Amino acid sequence: MTPTGPRLEEITPAHLDAALAVRVRPDQEHAVAPVVKSLAEAYVHPGIAWPRLIVDGDRPVGFLMACLGIDWYGDGSDIRSGLWRLNIAAGEQGKGYGRFAVESVAALLRRRGTERFHVTWHPGPNGPEGFYLGLGFRPDGENSGGQTVGVLELARGLPDGP
């Protein structure tokens, strides 16, 4: 990471091509949707989807999309917020950008008064389960679209995080 550190930038026409160019490793493509799908979902879920480009210096290093107040069951009984998508570019993994992304979303959720941070992940080889478990997320026993649902109680914070 550069001395100034990573930052999140809103996806604008100026950043669109950079966002679309973010690609995970080929062996991870089964575990996360490409950025183009995330941006399409953001378009049809305005006010809920919060897409951002992760930039370090002038270099795009990843993409995240938070969900802010999604109606989980579609009946108003369970409104959740959390990390909808996280794509760290293949050559940028292992440098702390994923942790930065999760900490950034956690800070946003805390400012909004959210107590539980939700995430889903694709189980199995080359998936992000170990990453999320290492940050303190715990499976809550649910499965959504073949993915494990994990929860982090924000009052406890992230290990060694803000």
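Odds and ends about this structure:
- All-pairs Cα distance distribution in the chain, expressed in whole percent, bin size 5 Å: 2, 9, 18, 23, 23, 16, 7, 2, 0, 0
- Crossing angle, helix 97-111 versus the chain [Cα axis fit, 0-90 degrees, rounded to tens]: 50
- Length gained on full extension, Trp72 to Glu115, computed as 0.36 nm times the residue gap minus the Cα-Cα distance: 13.9 nm.
- For the listed peptides 78-88, 106-116, a ranking on the average number of other beta carbons within 10 Å per residue, highest first, reads 78-88, 106-116.
- Rounded to 10°, Cα long-axis angle of helix 35-44 versus longest principal axis of the chain: 50
- Beta bridges from DSSP with both residues in the range 1-153: antiparallel share about 90 percent, rounded to the nearest 5.
- Each part reduced to its alpha carbon centroid, the range 15-52 and the range 131-155 end up 20 Å apart.
- The Cα-based radius of gyration of the range 59-116, divided by its Kirkwood radius, gives an Rg/Rh of 1.07.
- Across q = 0.10, 0.16, 0.21, 0.25 Å⁻¹, the range 72-162 modelled as identical point scatterers on its alpha-carbon atoms has Debye log10 I(q)/I(0) values of -0.25, -0.65, -1.11, -1.48, in the order of the q list.
- For the chain, the solvent-accessible area of protein heavy atoms averages 51 Å² per residue (probe radius 1.4 Å; ligands and nucleic acids excluded).
The values are calculated or read from the model by the stated rules, or taken from the named source; none is laboratory data. From a predicted model like this one, the values you see are computed outputs, not experimental measurements. Every residue, glycine among them, receives a Cβ derived from its backbone with ideal geometry; neighbour counts consider all protein chains shown. SASA here: full protein model, heavy atoms, side chains in, ligands and nucleic acids out. Shrake-Rupley method; radii C 1.70, N 1.55, O 1.52, S 1.80 Å.
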